[in-house]
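Undergrad: Quick one: the structure is below, questions incoming.
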Amino acid sequence: MASPPTLDAIPGPLADGDAAPGPDVIIATRDLWKIYPMGSEQVAALRGVNIAIRRNEYVAIMGPSGSGKSTLMNVIGCLDTPTRGQYWLNQHLVSQLDDDELAHIRNHEIGFVFQTFNLLARATAQHNVELPLVYAGASAPERTQRALEALRKVDLYDRRLHRPNELSGGQRQRVAIARALINNPSILLADEPTGNLDSTTSNEIMQLLDRLWQQGNTILLVTHEADIAESAHRVIHIRDGQVARDEPTRRGRQAQGG
Amino acid sequence: MALREAIAVAFDTLWSHKLRSFLTLLGIIISIWTLVAVVALVQGVNGYVAVKIARLGSNVISIEQYSLQEMTDQKLFRAAQLRNRPLSLREFRFLRAHDRLAAQVAATSSRTIGTLLKAGAHSMTDVRVTGATSNVIDLASFDVLAGRFLSSTDDRHDASVAFIGADVARQLFPGIDPIGQTLTVDGHNCLVIGQASPQGNVFGQSQDSFVDIPLGLYRALYGAQDSLSVQVQAPSAALLPALAGQTRMLMRNIRHLRYQDADNFGIIGADSLMSLWHQLTGIIASVMVGVSFVFLVVGGIVIMNIMLAAVTERTREVGIRKALGARRRDILSQFLVESAVLSSVGGVLGILLAYAFTRVAAALTPLPFTLPWLAVAAAFAISTAVGLFFGIYPAQKAARLEPIAALRAET
Ligand SMILES: Nc1ncnc2c1ncn2[C@@H]1O[C@H](COP(=O)(O)OP(=O)(O)OP(=O)(O)O)[C@@H](O)[C@H]1O
Ligand SMILES: [Mg+2]
């Protein structure tokens, strides 16, 4: 495993404006700002974030509450647009993609596990998990089959007909994870996926993420817990909307060394 | 496809808000109901009238003082009042003598308002009294139930005899055989010689409240100034146009009309009656269609309103769907399908109500009411189209939501 690429490590073009980063860099941001107008005041949630993440990296994002982690994840997940700065996904400048292309990316490329689950309240667990397949144009039998398989993986097969309000917090979290993974996205963005889980389930989830990483996926994980962050190979520390530190974990250094 | 998802969501929403959906759909329901019911009504009455008019006498045209157009158009009528003259007995005789194409030439004259019939203690007012030539029976729609109709001998002698309708028989001679009895027609004693079989009602008007007497007697009783109505029968339908042309020329001849003069009489055939009827029902139908159109627009606006509310309520749902890969057109079609489903359910309810209405109407009236399938199909299509049209704006609003803004929505 190569050392985490910093902005300087990214060869040439990224430094001078609009040119795309190298082919192995799947996510790259340059001077990313997100400013929320709050009446007369302005809240800057991101203040010039520069990160570069290679294909098949396993990265944890840490930082105090309100530091801008979720905001950054939303921008990377193509759910939000930055106020300023550039974001390349797969060497495409995201600001130049049209609505349908973004929808396609959200559907096929990125699996998003939200901090607040964001399940459809009126739909069953199974239907929630199926949703990305609906928009991918999969047939009904295929959808059912894959959704049930995904629910089995997160150990919720017997809860498949429950609605979110009939599930525990941890169970909802697992439905959200099953949904994020259903379309085999190459990038998984997880905003505190273990925040509501006991240590056993949390471990299972972390093993699941590990397997995904081994299969070649790129994983970005927001967490408050240091031991969770240790599963990743690299930790980006965010403070006040800026990258404070960007360093490999022990596991990352081991992988690098060995 | 995502369409199935949209339809499923639409019915789910409809069902989980049953009362709200029903109230929303009231406008559409009433609109479609009136639309289908009016078409059924007009069709039913048309069918009935067509049968009635056909029975009025086959291949018969009638020469009258005024044409149908003149009678139904104020302006034409004022002009005709100055120009047209009543048909006289002399003109009737002239037509009878010279209308060679005609199988029969008969004459009638009648009045209804103010007439008084009496028999013993019983009396009737406003009965249609008709002075008729005896050959009217060959052209008319009624059948003789008992006794006989007027004869040519009665014609020649202006005999004091009467042929009565079923209502008159029932009311003046309850429980007894009217044949051979005497009744007075506005004071004149007549011998009842025959009775017609019942014909029923048209628009609630009894067709059985009449008495026929010889034409000469009628003119002696009421004076000779009433216009005659001359009925001419062609031997076959094919000869009817030729007969109408010849009769018109004969009338113009005897009235010494010059080439440039307009007719000062009218010729009425079953076809002109039918077209007048269609004109009348056309007016009724277009007024009702206009009314139902107003309901339709109101219903559409209500649907738009409820869909706007639905979009606001479900902003978060839209955000989730977008986050998972729904394109603008997926969201657009979801809400369009929803409002189309909503309004077409209203359409179906309206059609069901109209169906119930035609069943009730068919049971209560002699009119042959059926559900007009073309109108049903059109009504369904219209209600769906209204939903689609008024759903466009709310659906666009939903489709344009930014994913993150929608996800952050409170609801
Ligand atoms: N829609 C918004 N309008 C205004 N300010 C916002 C909005 N969303 C986020 N912020 C602000 O941006 C900052 C970063 O928020 P963000 O949700 O990214 O924090 P976070 O790092 O994810 O925190 P936590 O660990 O508590 O989830 C916060 O100060 C927050 O108040
Ligand atoms: Mg957060």
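Undergrad: State the extension gain, in nm to one decimal, for the chain segment bounded by A:R152 and A:T116, taking 0.36 nm per residue of separation less the distance between their alpha-carbons.
TA: Once the chain is fully extended between A:R152 and A:T116, it gains 10.7 nm.
Undergrad: Under 19 Å from the Cα of B:K18, which aspartates and glutamates turn up, not counting those fewer than eight places away in the same chain?
TA: By straight Cα distance, B:K18 reaches B:E313, B:E338.
Undergrad: Same structure, new question: Could you list the chymotrypsin sites (Phe, Trp or Tyr not before Pro) in the stretch B:173-244 that lie in coil according to DSSP, counting only those with at most 14 other Cβ atoms within 10 Å of their Cβ?
TA: Those that pass, being in a loop and sparsely packed, are B:F203.
Undergrad: What average number of partner chain Cβ atoms lie no more than 10 Å from the Cβ of the residues making up A:165-176?
TA: Across the residues of A:165-176, the mean count of other-chain Cβ atoms within 10 Å is 0.
Undergrad: Who wins for biggest fluctuation among B:L19, B:L367, B:L68 in a Gaussian network model of chain B, springs between alpha carbons below 10 Å?
TA: Fluctuation is largest for B:L19.
Undergrad: Another question, if that's okay. Tell me, in nm to one decimal, what length is gained between B:A356 and B:Q171 on full extension, where the rule is 0.36 nm per residue of separation less the Cα-Cα distance?
TA: 62.9 nm
Undergrad: Computed from the mean reciprocal separation of all distinct C-alpha pairs, what Kirkwood hydrodynamic radius does the protein assembly as shown have, in Å?
TA: It works out to 32.8 Å.
Undergrad: As I understand it, the dipole of chain A uses +1 on the Cβ of Lys and Arg and -1 on the Cβ of Asp and Glu, about the Cα centre. Which of A:S67, A:I105, A:G252 lies farthest toward its positive end?
TA: A:G252
Undergrad: Of the beta bridges DSSP finds with both residues in the protein assembly as shown, what % are antiparallel, to the nearest 5?
TA: Close to 70 percent.
Undergrad: A further question on this structure: For the protein assembly as shown, what is the mean residue ellipticity at 222 nm derived from helices alone (per DSSP H run of n ≥ 4: -39500 (n - 2.57); sum divided by total residues; nearest 500 deg cm²/dmol)?
TA: After summing the helix terms and dividing by residue count, I get -15500 deg cm²/dmol.
Undergrad: About its Cα centre, what dipole magnitude does the stretch B:103-230 give when the only charges are +1 on Lys and Arg Cβ and -1 on Asp and Glu Cβ, stated in debye to the nearest 20?
TA: Approximately 140 debye in magnitude.
Undergrad: Which of the listed residues, B:G47, B:T130, B:L280, is farthest toward the dipole's positive end in chain B, when Lys, Arg count +1 and Asp, Glu count -1 at the beta-carbon?
TA: Farthest towards the positive end: B:L280.
Undergrad: In a Gaussian network model over chain A where Cα atoms closer than 10 Å are linked, find which of A:I228, A:I110, A:I76 has the largest mean-square fluctuation.
TA: A:I228
Undergrad: Turning to a different aspect of this structure: Taking the Cβ-Cβ separation of A:D198 and B:L23 as r and a Förster radius of 41 Å, what is the calculated FRET efficiency to the nearest 0.05?
TA: 0.30
Undergrad: Need one word for chain A: rounded, prolate or oblate. Basis is the Cα gyration tensor (sqrt eigenvalues a ≥ b ≥ c); a/c below 1.5 gives rounded, then a/b vs b/c decides.
TA: It comes out prolate by the Cα gyration axes.
Undergrad: So how do B:M124, B:M304, B:M71 rank on accessible area, 1.4 Å probe, biggest first, that is with the largest at the start?
TA: B:M71, B:M304, B:M124
Undergrad: Another one. Rounded to the nearest 10 Å², what accessible area does A:H104 have for a 1.4 Å probe in the complete protein model?
TA: 100
Undergrad: Would you be so kind as to identify all helices of chain B, as entire DSSP H runs, whose Cα atoms reach 24 Å or more along the helix's own axis and whose mean Kyte-Doolittle hydropathy is at least -0.5?
TA: Passing helices, by number: B:18-55, B:270-313, B:328-364, B:373-399.
Undergrad: Using the Cα centre as the reference, give the magnitude of the dipole from point charges on the C-beta atoms of the protein assembly as shown (Lys, Arg: +1; Asp, Glu: -1; all else neutral), rounded to the nearest 20 debye.
TA: Computed charge dipole of the protein assembly as shown: roughly 820 debye.
Undergrad: Which residues make up the longest stretch of chain B that has no trypsin sites (Lys or Arg not before Pro) in a DSSP loop with at most 11 other Cβ atoms within 10 Å?
TA: B:101-257
Undergrad: Something else now. In chain B, what percentage of the DSSP-assigned beta bridges are antiparallel, given to the nearest 5?
TA: 80
Undergrad: From the gyration tensor of the Cα coordinates in chain B, what semi-axes in whole Å does the equivalent ellipsoid have, largest first, with each one equal to sqrt(5λ)?
TA: Working from the Cα gyration tensor, I get semi-axes of 65, 25, 16 Å.
Undergrad: With the dipole of the stretch B:103-230 worked out from charges on the C-beta (+1 for Lys and Arg, -1 for Asp and Glu) around the Cα centre, which of B:P178, B:S229, B:L139 lies farthest toward the positive end?
TA: Towards the positive end, the residue furthest out is B:P178.
Undergrad: Select from B:S333, B:S16, B:S58 the residue whose mean-square fluctuation is largest in a Gaussian network model of chain B (Cα-Cα springs shorter than 10 Å).
TA: Most flexible of the set in this elastic network: B:S16.
Undergrad: Run the quick spin-label model on B:F11 and A:S40: label points 7 Å from Cα toward the beta carbon, then report their separation in nm to one decimal.
TA: 5.7
Undergrad: Give the shape of the stretch B:115-184 as rounded, prolate or oblate, defined through the alpha-carbon gyration tensor: a ≥ b ≥ c are the square roots of its eigenvalues, a/c under 1.5 means rounded, and otherwise the shape is prolate if a/b is larger than b/c and oblate if not.
TA: Prolate shape, in that a/c is at least 1.5 and a/b is the bigger ratio.
Undergrad: Right, next: Please give the charge dipole size of chain B, origin at the Cα centre, charges +1 on K and R Cβ atoms and -1 on D and E Cβ atoms. Round to the nearest 20 debye.
TA: Using Cβ point charges on Lys, Arg, Asp and Glu, chain B gives about 1200 debye.
Undergrad: With labels modelled as points extended 7 Å from the Cα through the Cβ direction, what inter-label distance (nm, one decimal) is found for B:M71 paired with A:E247?
TA: Going from the B:M71 label point to the A:E247 one covers 10.8 nm.
Undergrad: Would you list which aspartates and glutamates come within 16 Å of A:K69, measuring only between C-alpha atoms, while excluding same-chain residues fewer than 8 positions from it?
TA: Cα-Cα hits under 16 Å: A:D31, A:D80, A:D191, A:E192, A:E225, A:D240, A:D246.
Undergrad: Label the stretch B:103-230 by shape, choosing from rounded, prolate and oblate, from the square roots a ≥ b ≥ c of the eigenvalues of the Cα gyration tensor; if a/c is under 1.5 it is rounded, and otherwise prolate applies when a/b is larger than b/c, oblate when it is not.
TA: Rounded.
Undergrad: At a probe of 1.4 Å, how much accessible area disappears from chains A and B on forming the pair, both sides counted, to the nearest 100 Å²?
TA: 2200
The values are calculated or read from the model by the stated rules, or taken from the named source; none is laboratory data. For clarity, every value in this text was computed on a predicted model and none was experimentally measured. Every residue, glycine among them, receives a Cβ derived from its backbone with ideal geometry; neighbour counts consider all protein chains shown. SASA here: full protein model, heavy atoms, side chains in, ligands and nucleic acids out. Shrake-Rupley method; radii C 1.70, N 1.55, O 1.52, S 1.80 Å.
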